[in-house]
Amino acid sequence: MAVPKTKGRPIKFPPTPVEMLRGASEIAEFIKEDAKKIPELVKREGLPAWKRDGRGPWRALGFELQNWMIRQQRKYLPNAKRDADLDTDL
């Protein structure tokens, strides 16, 4: 099978599929959160999820959610020692 070229570079077929998550429960399962928190996370934490015309189920792309989780980790990781200390105080 011939591989088409663009400006001397081969194009890979098929392209890597993009995982689409549909519904608050799928998104919540992916990021390990409660489905009821999805709207709040979109508003307050910039969770990359959307609804078409503000209606219907929440939608998100898997790779964008992974990037968001990495940003969340970097944001909250400096507090890890403090949080661990609070857990031992219980």
- Going through (1) within 22 Å of residue 21 (Cβ to Cβ); (2) open to solvent by less than 50 Å² (accessible area, probe 1.4 Å) one by one, residue 80 fails only at (1)
- Query: Do the conditions hold for residue 27, that is, is it among the hydrophobic types (A, V, I, L, M, F, W, C), open to solvent by less than 50 Å² (accessible area, probe 1.4 Å), without any contact (Cβ under 8 Å) to a residue 40 or more places away in the chain and touching a Phe, Trp or Tyr at 6+ places or on another chain (Cβ under 6 Å)?
  - Reply: yes
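The values are calculated or read from the model by the stated rules, or taken from the named source; none is laboratory data. Predicted, not measured: the structure shown is a model, and the values here were computed from it. Glycine also receives a Cβ, built like all others from the backbone with ideal geometry; neighbour counts cover every protein chain displayed. Ligands, DNA and RNA are excluded from the accessible area calculation, which covers all protein heavy atoms including side chains. Shrake-Rupley method; radii C 1.70, N 1.55, O 1.52, S 1.80 Å.
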